[in-house]
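Student: Handing you this structure, nothing more for now.
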């Protein structure tokens, strides 16, 4: 029985997930629009003039990214669970954490990247000084995948539950607190003229840890959830 | 090989746990009551008031003891979770299932006593720049997450192993949160008139009273957890013969 | 259960398997073995544990006591080899509604073997779905979606099939076609476990009935 | 190192150096916390034992030794019996639809 190489299965899963996201564009756009709406609420809710907004801009964008990723992550495994593809994934002779990693990358490309690309525009709307843009984009680039991968553990644990009770958010949001802290610190630090490299390095370390450990935990969580 | 595992599985059998705890419960309860009484009387009556905080230092005795005990819940649940996942010993899951609500209560009490003490020493009931209190808040949220996952999953076998995994991941997370909040705290130190970091009261008496209270609280933690686990055993093993005899004998 | 006379151990063997769901015992000390060329039909009333047995056999469900052996080797130590030679189709067919049959099969086969689009088109044609290749599966009927999942039987040469209610939404032609596939599979030395109430007109058939009073 | 009593009178003790509310609320919370987390499990234990005793006459669950709940039969008679069953079912359906 010639078994297909793990890389081939990885690419096949990645391609398949991207294809599904393209065919189900609205499922992907909704969280993105939610992100835009949430960010534009703050100037109305708090105060329009720049001096105030400038201080909270980084935090607002980061918190909106966290909430939007909760919504978009919800669909990560749900449709595969309901139509049985998740069982096929478990029964493939390929290492499960690798296929889970492929799904995480596909999810990040589709829902994480657009947020990062549009964040400077939103930062401008929140009158964040231009000096903060590079730090913001870099911190999002490093932090959003961490939120996605750690969150996918919680998604895998609650895959059988459907979305009732929003239990995913209760479990996943506290876990992304460190990323939020260092993400906002990086931007504020660069605004104050100091170099944000220290915090970006910390975020990079978190990304490395999450990329290596989270898929293994997610694979274990999927096996547990499907043993129901 | 069978001998070693035999010992482990005998250790994990609910009946063995029930029998052993029946023997040790009276001693545990007695020791706890004694130490609790000594600690309370010492803290309330015999502790000299601190020159800076006055009599509110008596609050710290309880706060520090309860805070120390509540920090041990996630490691306890992570170890019980590992045992559940690797060796599938039901007893470990029973302990972990009852540890989560107790841990939430401990965290809540730590937050309550901390903010009551803070209302005097810091002048505010909640202080974001105290990293211990903020990380305790997020430990409280993570514990509530484990409890709500346990309640949401109806199949008890899946719930046991899912909560085990979440406890392990949560335990790592509590540690990371603690240090990131501490790091964040050192940067956001507002230049306030009185120094935020009010030192803990000096003098050996304070630390001896707190040590006694801490041991008393740990004994209480063990006692409460054992009582809850014994109830869990009675419910899960209700069809077993020895439980039936126990029930008939007891009433 | 008399020990197997041939010196080589059976393709798949179950010994002393007990399964309990929330305190309710589905079966106890279940034992059977499946040799090459044999088809085992699993029958039983609803809730008798047919699906649970199939999921346990496939290694999807770990909450059971007992021993499972694949070619004489305990399942736990050869799970990846076992999965590469197993084909499981459950109640949920593993067919994504947004993708077309071609895209679905391209992925689900690609996890195991190198399969070209040509072979997939031939398999779909043999199952009467030639004209539906590029329609999203949500526009197909349940029977047609069942046939999409059954196309995997043609595309992968897995020795052991585990099919959960495969006849459920098939029409008469579909049932005949599936019986033909099962026959061809057992003749070519493959084995299969099928949970169904449909009477299988296949020689060398064994029937395992679950849910009998305990 | 006999520590001496810190308060001269009961009023002074109750006043707790002006922080009566804070100190006493903490110790009250602590007392309720300890009492609740010991009394509740004990009460629950009594309820469980009473419930189990009431169900004391539950039938014995079958001994785990013998196999139960399943049987394997080879093709032979099994096939004919199934086909007979299916024929009967079809006849019943026809009678059912005729009147």
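The values are calculated or read from the model by the stated rules, or taken from the named source; none is laboratory data. Here the structure is a predicted model, which means the values were calculated and not measured. Cβ: placed from backbone, ideal geometry, glycine included. Neighbour counts: every protein chain shown.
Student: When residue A:226 is evaluated against the numbered criteria (1) surrounded by 24 or more Cβ atoms within 10 Å (Cβ to Cβ); (2) under 28 Å from residue A:27 (Cβ atoms), which criterion, by number, is the only one it fails?
Tutor: It fails just one condition, (1).
Student: Continuing with the same structure: Residue check: is residue C:68 more than 22 Å from residue A:80 (Cβ to Cβ), in contact with a helix residue (DSSP H, G or I) (Cβ under 6 Å, 6 or more places away or on another chain) and not in a helix (DSSP H, G or I)?
Tutor: Spelling it out, residue C:68 is indeed more than 22 Å from residue A:80 (Cβ to Cβ), in contact with a helix residue (DSSP H, G or I) (Cβ under 6 Å, 6 or more places away or on another chain) and not in a helix (DSSP H, G or I).
Student: Also, I was wondering about something else. Out of the residues in region A:190-201 that are crowded, with 20+ Cβ neighbours inside 10 Å and in a helix (DSSP H, G or I), state the one that is nearest to the other protein chains (Cβ to nearest Cβ).
Tutor: If we take residues in region A:190-201 being crowded, with 20+ Cβ neighbours inside 10 Å and in a helix (DSSP H, G or I), then A:199 is nearest to the other protein chains (Cβ to nearest Cβ).
Student: When region C:113-131 is examined, which residues are found to be more than 12 Å from chain A (Cβ to nearest Cβ) and surrounded by fewer than 20 Cβ atoms within 10 Å (Cβ to Cβ)?
Tutor: Within region C:113-131, C:116, C:117, C:118, C:119, C:121, C:122, C:125, C:126, C:128, C:130, C:131 qualify.
Student: In region C:98-107, what count of residues is obtained for those that are assigned to a helix (DSSP H, G or I) and more than 7 Å from every other protein chain (Cβ to nearest Cβ)?
Tutor: Total satisfying the criteria: 5.
Student: Turning to a different aspect of this structure: From C:43, C:110, C:92, C:106, grab the single residue that is buried (at least 16 other Cβ atoms within 10 Å of the Cβ) and touching a strand residue (DSSP E or B) at 6+ places or on another chain (Cβ under 7 Å).
Tutor: Going through C:43, C:110, C:92, C:106 in turn, just one is buried (at least 16 other Cβ atoms within 10 Å of the Cβ) and touching a strand residue (DSSP E or B) at 6+ places or on another chain (Cβ under 7 Å): C:43.
Student: Take the residues in region C:31-57 that are without any contact (Cβ under 8 Å) to a residue 40 or more places away in the chain and part of a strand (DSSP E or B), then tell me which one is farthest from the chain's Cα centre (by Cα).
Tutor: Of everything passing the filter in region C:31-57, C:31 is farthest from the chain's Cα centre (by Cα).
Student: Here's another thing I want to ask about it. Go over the candidates A:151, A:228, A:193 one by one and state the one that is modelled with pLDDT under 90 and closer than 16 Å to residue B:166 by Cβ.
Tutor: A:228
Student: Pick out the one residue from A:121, A:207, A:168 that is part of a helix (DSSP H, G or I) and either farther than 22 Å from residue A:37 by Cα or facing chain B (nearest Cβ under 9 Å) (or both).
Tutor: A:207
Student: Checking residue C:157 against (1) at pLDDT 90 or above; (2) farther than 20 Å from residue C:90 by Cβ, which single condition isn't satisfied?
Tutor: (1)
Student: Scan (1) modelled with pLDDT of 80 or more; (2) surrounded by 11 or more Cβ atoms within 10 Å (Cβ to Cβ); (3) farther than 27 Å from residue B:225 by Cα for the single condition residue D:9 breaks and write down its number.
Tutor: Result: residue D:9 fails condition (2) only.
Student: Among the residues in region C:85-97, are any under 29 Å from residue C:138 (Cα atoms), in contact with a helix residue (DSSP H, G or I) (Cβ under 9 Å, 6 or more places away or on another chain) and in a helix (DSSP H, G or I)?
Tutor: Taking every residue of region C:85-97 in turn, none turns out to be under 29 Å from residue C:138 (Cα atoms), in contact with a helix residue (DSSP H, G or I) (Cβ under 9 Å, 6 or more places away or on another chain) and in a helix (DSSP H, G or I).
Student: Of all helices (runs of 4 or more DSSP H) completely enclosed by region B:42-142, which ones contain at least 1 residues that are facing chain D (nearest Cβ under 10 Å)?
Tutor: Helices (runs of 4 or more DSSP H) meeting the threshold: B:57-71, B:90-121.
Student: Could you list, in sequence order, the residues of region D:37-78 that are in a helix (DSSP H, G or I), modelled with pLDDT under 75 and within 7 Å of another protein chain (Cβ to nearest Cβ)?
Tutor: Correct list: D:75, D:78.
Student: Return yes when residue C:201 is within 30 Å of residue D:68 (Cα to Cα), out of contact with any strand residue (DSSP E or B) (no Cβ under 6 Å at 6 or more places or on another chain) and either crowded, with 17+ Cβ neighbours inside 10 Å or free of Cβ contacts under 8 Å to residues at least 24 places away in the same chain (or both) and no when it is not.
Tutor: Yes.
Student: Looking at (1) within 9 Å of another protein chain (Cβ to nearest Cβ); (2) surrounded by 17 or more Cβ atoms within 10 Å (Cβ to Cβ); (3) out of contact with any helix residue (DSSP H, G or I) (no Cβ under 8 Å at 6 or more places or on another chain); (4) modelled with pLDDT under 90, which is the one condition that is false for residue C:196?
Tutor: (1)
Student: Counting only residues that are within 30 Å of residue B:47 (Cβ to Cβ) and modelled with pLDDT under 95, give me the helices (runs of 4 or more DSSP H) lying completely in region B:143-251 with at least 2 of them.
Tutor: B:156-187, B:204-236
Student: Tell me the residue from B:121, B:148, B:107 that is within 23 Å of residue B:55 (Cβ to Cβ) and either in contact with a helix residue (DSSP H, G or I) (Cβ under 7 Å, 6 or more places away or on another chain) or surrounded by 19 or more Cβ atoms within 10 Å (Cβ to Cβ) (or both), please.
Tutor: B:121
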